[in-house]
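Only one structure is covered here, and it is reproduced in the block below.
The values are calculated or read from the model by the stated rules, or taken from the named source; none is laboratory data. Every value quoted in this text rests on a predicted model; they were computed, and no experiment measured them. Positions of Cβ are generated from backbone atoms using ideal geometry, with glycine treated the same way; all protein chains shown enter the neighbour counts. When the accessible area is computed, the model is the full protein with side chains, heavy atoms only, and any ligands, DNA or RNA have been set aside. Shrake-Rupley method; radii C 1.70, N 1.55, O 1.52, S 1.80 Å.
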Amino acid sequence: MDGAELARWTRFAGKGGIGTCTATEDCVAENAEDLMFLKDDEIVVLMQLPNAEDVYLGYCEGVVGRFMGAHVRFHARLKKPIIARRSERIESSPSNFP
């Protein structure tokens, strides 16, 4: 994950992501892309990974990584992600203002 992508996920986590969950057990990261957390840590869910059963991308203690849904308790039903691109900046001219 490059720096720009990490910054986007971090901003999204600050807005609450698509939901939250609490770790039900300690989980040690086995790979660089895995999320490490301790029991009772709160995790912000960023997305459910496509083509992966019960695997999510989350944010915990300033780190973004993958985790299994079996290791957490979700607080509520996750929101459906909305993929939107920022519109290009519209050039305004004095005639656009009253």
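If I ask for residues that are of a type in the set (A, V, I, L, M), open to solvent by 30 Å² or more (accessible area, probe 1.4 Å) and within 19 Å of Gly3 (Cα to Cα), which ones from the stretch 28-69 would you list? Those that are of a type in the set (A, V, I, L, M), open to solvent by 30 Å² or more (accessible area, probe 1.4 Å) and within 19 Å of Gly3 (Cα to Cα): Ala32, Met47, Val63. Restricting to the stretch 23-79, count the residues that are farther than 22 Å from Arg8 by Cα, assigned to a loop (DSSP other than H, G, I, E, B) and touching a Lys or Arg at 6+ places or on another chain (Cβ under 7 Å). Selection size over the stretch 23-79: 3.
Return a yes/no flag: does the stretch 4-12 have any residue that is assigned to a strand (DSSP E or B) and surrounded by 16 or more Cβ atoms within 10 Å (Cβ to Cβ). No, because not a single residue in the stretch 4-12 is assigned to a strand (DSSP E or B) and surrounded by 16 or more Cβ atoms within 10 Å (Cβ to Cβ). Number of residues in the stretch 13-60 that are of a type in the set (A, V, I, L, M, F, W, C) and touching a Phe, Trp or Tyr at 6+ places or on another chain (Cβ under 8 Å) equals 15.
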